[in-house]
Amino acid sequence: MTLMDEKTKQQVRERLAETLSGPVELRLYRRPDTGRLILPGGVGCQTCEVTEELARTLVEAAPDKLQLTVIDVSEQPGEVDAVPTLTVARPGEGSRITFQGLPSGYEFATVLDAIERASGTGNELSPEVAERLAKLPSDVEVMVFVTPTCPYCPGAASMANRMALASPKVRSLVVEANEYPELSDRFQVQGVPRTVVNRSGSFVGALPEAMFVESVLKLAANEAA
């Protein structure tokens with residue numbers, strides 16, 4: 001399975017040549033692909049191979065800025081449970097932006113956006129929002145459920161990623177809802193984008209910046225109370 005034709009690859013190369021300023025580290029956690037085999041849970045992976053292909057294509061598009069580390073969790077267990085998992089981080093910083101599942105369709109644009117912002121574009125949050133995030137008393141996980149065909153999902157996922165870039169206390173987790181039906185059922189995902197804060201309260205929709213951050217902070221405060 002090939003996600004990008006040569007024309008698209010060239011467009012990605014040209015875009016990254018213009019938008020990347022600093023280095024970005026990518027880490028892909030995967031298992032061997034199952035192909036058509038049906039294996040017990042935790043043994044194989046149906047989309048890991050194509051996710052690695054996508055990640056390597058990105059690195060080939062900007063080899064001087066992007067670095068990829070591939071980790072086979074069947075050989076090095078412990079760091080992550082779900083595969084494929086792709087993280088985006090600035091060198092020397094912990095991975096606070098995570099994509100769980102194959103980032104195809106509209107999700108691919110979200111990955112590009114995260115890489116560009118981590119490279120130096122920045123989080124571009126308003127000063128008021130950045131100030132509120134700087135005062136966070138405890139860690140916050142912002143988990144956004146998305147699907148490849150949802151045109152509104154990149155807005156919500158990008159907001160979560162921007163919050164993670166703005167504050168070391170925020171972790172962003174973008175989950176492909178169709179690939180993880182048990183997780184989607186657990187958090188009652190019936191429409192996307194659905195944002196779950198600290199695996200507790202949630203809201204639906206791609207909200208404007210101020211409303212999105214306010215909703216996240218309110219749910220985080222309620223969960224901590």
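General observations
- Taking amide hydrogens as placed 1.01 Å from N in the peptide plane, the amide H of residue 206 sits under 5 Å from that of no residue at least 5 positions away in sequence or on another chain.
- Take the Cα of residue 18, step 7 Å toward its Cβ, do the same at residue 209, and the gap between the two points is 2.2 nm.
- Cα gyration tensor shape of segment 52-158, rounded if a/c is under 1.5, else prolate or oblate by comparing a/b with b/c: rounded
- Relative contact order of segment 124-225, taken over Cα pairs closer than 8 Å and 6 or more residues apart, is 32 percent.
- Relative contact order for the chain: 18 percent, from Cα pairs under 8 Å spaced at least 6 residues apart, divided by residue count.
- Rg/Rh for segment 124-225, where both radii come from Cα atoms and Rh is the Kirkwood radius: 0.95
- Taking a quarter of the surface of the Cα convex hull of the chain gives a mean projected area of 12.5 nm².
- For segment 41-95, the square roots of the Cα gyration tensor eigenvalues, ordered a ≥ b ≥ c, give a/c of at least 1.5 with a/b no greater than b/c, which places it in the oblate category.
- Cα centroid separation, segment 183-212 to segment 102-164 (Å): 13 Å
Read the figures in this text as sums done on the coordinates, not as results from a lab. Please read these numbers as outputs of a predicted model, since none were measured by experiment. Glycine gets a Cβ as well: all are built from the backbone with ideal geometry, and neighbour counts include every protein chain shown.
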